[in-house]
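Here, each number is a calculation from the coordinates, and none is a lab measurement. Keep in mind it's a predicted model, so treat the numbers as computed, not measured. Positions of Cβ are generated from backbone atoms using ideal geometry, with glycine treated the same way; all protein chains shown enter the neighbour counts.
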Amino acid sequence: MVGQWTQGGKAGRGLAVALGLSTLALLAGCISDEQAVDMGLATQCEADGTVAKLGDPAGRYVTKTNVEVCKGPRRDSYNETALEIIDCGNLTTLRVGVIRQSADQARRGADYNHSVPVEQARLRLRVGLTDLAGTEVALAAAGVPVTRVAGQGAEQCTKLAAGAAQTN
């Protein structure tokens with residue numbers, strides 16, 4: 001009978017476990033990381049951030065767009081885009097959730113796409129119709145996840161100022 005040797009004593013079970021583990025080790029050596037991600041056996045995340053001046057009349061704000069994409073098993077797959085608006089004058093950062101798409105909403109929270117209200121608030125800030133506090137209030141009223149963090153953003157402001165000085 002097939003598999004009868006695994007029903008024996010402890011030695012038979014140990015041999016079956018060892019054989020199974022060696023087979024998995026052999027398969028792991030044959031599968032590339034990309035194939036493991038495609039098969040749902042591993043998770044691969046990529047993140048990218050872009051820093052730019054907002055272009056407001058006072059030249060006070062810097063934006064940082066963070067994009068994170070994770071592929072893999074169903075529970076770990078998600079795409080998330082966040083925007084940070086940095087006030088270089090008083091080093092306050094406004095973190096804004098723009099887009100979230102998750103395969104497992106119970107784990108990451110509800111999906112959302114707040115691209116339109118975020119872009120409208122960013123445009124109002126850019127043309128000088130509001131300040132950072134007004135932007136925070138407007139986005140919160142629109143249901144956009146917003147967090148204010150004091151004392152952060154100096155690094156991005158310094159890098160952009162140094163880059164602007166080199167080009168001028």
Exercise. Can you work out the PRE-style zone for Asn90? Point 7 Å along Cα to Cβ, and I want the residues of the range 140-158 with backbone N under 12 Å.
Key: 149-151
Quiz item: Using a Förster distance of 41 Å, how high is the FRET efficiency between Leu129 and Gln105, based on the Cβ-Cβ distance and rounded to 0.05?
Solution: 0.70
Exercise. First measure r as the distance between the Cβ atoms of Ala161 and Cys30, then evaluate 1/(1 + (r/R0)^6) with R0 = 45 Å and state the FRET efficiency to the nearest 0.05.
Key: 0.30
Exercise. Rounding to the nearest 20 debye, state how big the charge dipole of the range 51-168 is about its Cα centre with +1 on each Lys and Arg Cβ and -1 on each Asp and Glu Cβ.
Key: 180
